[in-house]
Amino acid sequence: MLNKNISLMNYTKNSSIIILHLLFTNNNIFFTGMDIKKKLVFKKTMGIIRSKGVKKTNITSLKLILGIFSKFLENKNVYVQMKGYNKFKRIILKLLLQIPKTKITSFCDTTNLPFNGCRNPKSRRI
């Protein structure tokens, strides 16, 4: 799970590290928080904020859900790992940096990038 760019030897035993996985889909964002021993701390989606008639992924919903997660991330070192395409990636990073008493040690984007583009759909023969 962890990439080579994070060195865990520099942290003391008392410091706590949270690995925050963000999975971006077309209609939703999945948040998963794990500690360094890969024990699940929290797992939520944008769907926990039920606002009727509004898409799940908007800025006000992002602020609300990061306000909920701020109590899990207080006084901790956070390693952020993102995957997927969404227009809210930069906004989420800015909001994570604004959480008080939280130190973001590093972030990594593990989105798969195709080198030759998408495959063309098979043409229909009649």
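Just a few scattered comments:
- Reduced Cα scattering model of region 33-107, Debye log10 I(q)/I(0), q = 0.12, 0.22, 0.23 Å⁻¹: -0.35, -1.17, -1.26
- Length released on extending from Lys55 to Asn112, taking residue separation times 0.36 nm less the Cα-Cα span: 18.0 nm
- The label-point distance for Leu97 and Asn28, in a model that sets each label 7 Å from Cα toward Cβ, rounds to 3.0 nm.
- If only the Cβ of Lys and Arg carry +1 and only the Cβ of Asp and Glu carry -1, the dipole of region 15-109 around its Cα centre is close to 220 debye.
Only the coordinates and a few stated rules stand behind these numbers; no lab work does. The model shown is predicted, which means the values in this text are computed figures rather than measured ones. Ideal geometry is used to build each Cβ from the backbone, glycine not excepted, and the neighbour counts take in all protein chains shown.
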